[in-house]
1. Of B:60, B:33, which residue is near DNA strand C (Cβ under 7 Å from one of its atoms) and surrounded by fewer than 18 Cβ atoms within 10 Å (Cβ to Cβ)?
2. Being part of a strand (DSSP E or B) and either on the phi > 0 side of the Ramachandran plot or within 14 Å of the chain's Cα centre (by Cα) (or both): is that true of residue B:161 here?
3. It is to be established whether one or more residues within region A:75-95 are under 16 Å from the mean Cα position of the chain (by Cα), buried (at least 18 other Cβ atoms within 10 Å of the Cβ) and modelled with pLDDT under 95.
4. When you look at residue B:54, is it away from every other protein chain (no Cβ under 14 Å), touching a helix residue (DSSP H, G or I) at 6+ places or on another chain (Cβ under 6 Å) and within 14 Å of DNA strand D (Cβ to nearest atom), yes or no?
5. Just to check your reading of the model, which residue among B:119, B:84, B:103 is in contact with a helix residue (DSSP H, G or I) (Cβ under 9 Å, 6 or more places away or on another chain) and within 12 Å of chain A (Cβ to nearest Cβ)?
6. For residue B:19, are the conditions met, namely being in contact with a strand residue (DSSP E or B) (Cβ under 8 Å, 6 or more places away or on another chain) and away from DNA strand D (no atom under 11 Å from the Cβ)?
7. Would you say residue B:63 is outside any loop (DSSP other than H, G, I, E, B), more than 13 Å from the chain's Cα centre (by Cα) and in contact (Cβ under 8 Å) with a residue 40 or more places away in the chain?
DNA sequence: TATTATTTTTAGATTAGCTTAAAATTATTG
DNA sequence: CAATAATTTTAAGCTAATCTAAAAATAATA
């Protein structure tokens, strides 16, 4: 059994996600910022998670997940992404609304439920934001993508993955009618602020700020 | 917004349900038994719910729901029963397993989710145990049933509703292959212990203890 | 109706998860 | 490399939700 509180599960999930961009080691302040808690609260919880052997924590240095902590984090993400898929595909939620609800649903405790949802949805490999859905055993298909900010000019890409936890960003994508799997080609890039002019599906031209491009990930065709 | 904790929602739900058999007034000990908490904890919480105007509580006498408390209780039951329907119909859970999972799902906070689930399921009127599902506005279709213990001999009934919160009872129903909408006729009743011999769907004869019959509700044809 | 039994409440504690303010450690830089 | 800045931890305290044990109120009964 897992038997962790929703709060503890969230810590593990965020340590996993913040660790991905680092070498696995996460700083107290980064976690505090993500969780919107004080740094003191984080220190407190890290000590408790350490006692439970879910993280290895070294004072003033940082925290990383143990094997078991990582497995739990992956299962929480699995649940989150399966629920997002259900909300978007079956219930027709727009993608800017699903994250918040999935944040609650990911803490429902029932292995059987997760597996049945997975089956019901047809074992999806990616969620509505393009994030990979870990399988029952925790295997994750790592998508081979680059950030749009690092993409080359005049080269054809496909929008594969977008940042899922900012509803305002997703609303913006709705507004400019940009969707996953759209074809994207960068026509030119402003040197001053890195704003880019892109062409979508060989038709529409739109301007994208650097801030927006940082939340978009593409695959070369 | 509702903004109550899962614990508070559970209190309201159980006050509603225990109040149904009484005149709406629920005793501290009955709640304590249902919640599997000490009576002292219940007293404590009742005072807090009273401060929030969700219940009216009179020391040493009992507690009942206020109008707003009742509305919340009904919405929690609505969610519980919609989720049970989804778990049984769409995910093919057996009915002895759905209650426990729905106990968690009923506390997910999103009005839009509830309404979309309702629509997705085709606005069901009853859940898999035969309990009525309140609509968006809190209207409940009161089913016209009697307890099997009060049914007449040699009269034809239809099994309409079973007690949903005892998994062992539901497992037992699975075993004896009794389902909702089955035809039931009582052939004879033992005077000593009220055990009854019934005939199901004009075919099978089975023996039912008084304990079991107390959890079954039927409608005359 | 006086005594006993039952139910309910009060009092005092505990735990998880959070806070702010002060102290300690580590990092930066003139 | 010493002073300053930034980060992190410690200390002390709060709230929600639980508990046990003792006291108080109500109900049952001899």
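The values are calculated or read from the model by the stated rules, or taken from the named source; none is laboratory data. If you're wondering where the values come from, they're calculated on a predicted model, not measured in any experiment. Reconstructed Cβ throughout: ideal geometry from the backbone, glycine too, with neighbour counts over all protein chains shown.
1. Exactly one residue qualifies, and that residue is B:60.
2. Answer is yes for this residue.
3. Looking through region A:75-95, at least one residue is under 16 Å from the mean Cα position of the chain (by Cα), buried (at least 18 other Cβ atoms within 10 Å of the Cβ) and modelled with pLDDT under 95.
4. Taking the combined requirement at face value, the residue satisfies it.
5. The match here is B:103.
6. So residue B:19 passes the test.
7. Against the criterion (outside any loop (DSSP other than H, G, I, E, B), more than 13 Å from the chain's Cα centre (by Cα) and in contact (Cβ under 8 Å) with a residue 40 or more places away in the chain), residue B:63 qualifies.
Every residue, every condition in (1) assigned to a loop (DSSP other than H, G, I, E, B); (2) touching a residue at least 12 places away in the same chain (Cβ under 8 Å), yes or no:
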position	(1), (2)
A:4	yes, yes
A:8	no, yes
A:12	no, yes
A:47	no, no
